[in-house]
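The values are calculated or read from the model by the stated rules, or taken from the named source; none is laboratory data. Quantities reported herein were computed from a predicted structural model and do not represent experimental measurements. Every residue, glycine as well, gets a Cβ built from its backbone with ideal geometry; the counts of neighbours run over all protein chains shown.
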Amino acid sequence: MQLPGRVKYSHLKYLEALNLTWEWVCQAIDGFEPRPHESVHKSLIAWINQHLKQQLLNLDRFAEPNSDAPFLSHLDDYIQ
């Protein structure tokens, strides 16, 4: 939870998406490759943030239509 540079969203399902992302990181870390000409730290943060954003979009896509959770048309508007 204290990873510097990790994107934080003010979304009702953020913690669920974050937990799913950490599970994915544990399973997929062997496939991580840093971007050329970028530090390992920056590459790792970008890799995690990209997956976290996708998890939030997926959770919204499959949410119940009558749910009180906001649907995200522009996820970047929700970044704290």
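Pick out the one residue from 2, 80, 27, 54 that is modelled with pLDDT of 90 or more and exposed (fewer than 12 other Cβ atoms within 10 Å of the Cβ).
Values: 2 fails: modelled with pLDDT of 90 or more; 80 fails: modelled with pLDDT of 90 or more; 54 fails: exposed (fewer than 12 other Cβ atoms within 10 Å of the Cβ).
Within the list 2, 80, 27, 54, the selection yields 27.
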Practice prompt. For the range 39-55, name all the residues that are polar (S, T, N, Q) and free of Cβ contacts under 8 Å to residues at least 40 places away in the same chain.
Written response: 39, 43, 50, 54, 55
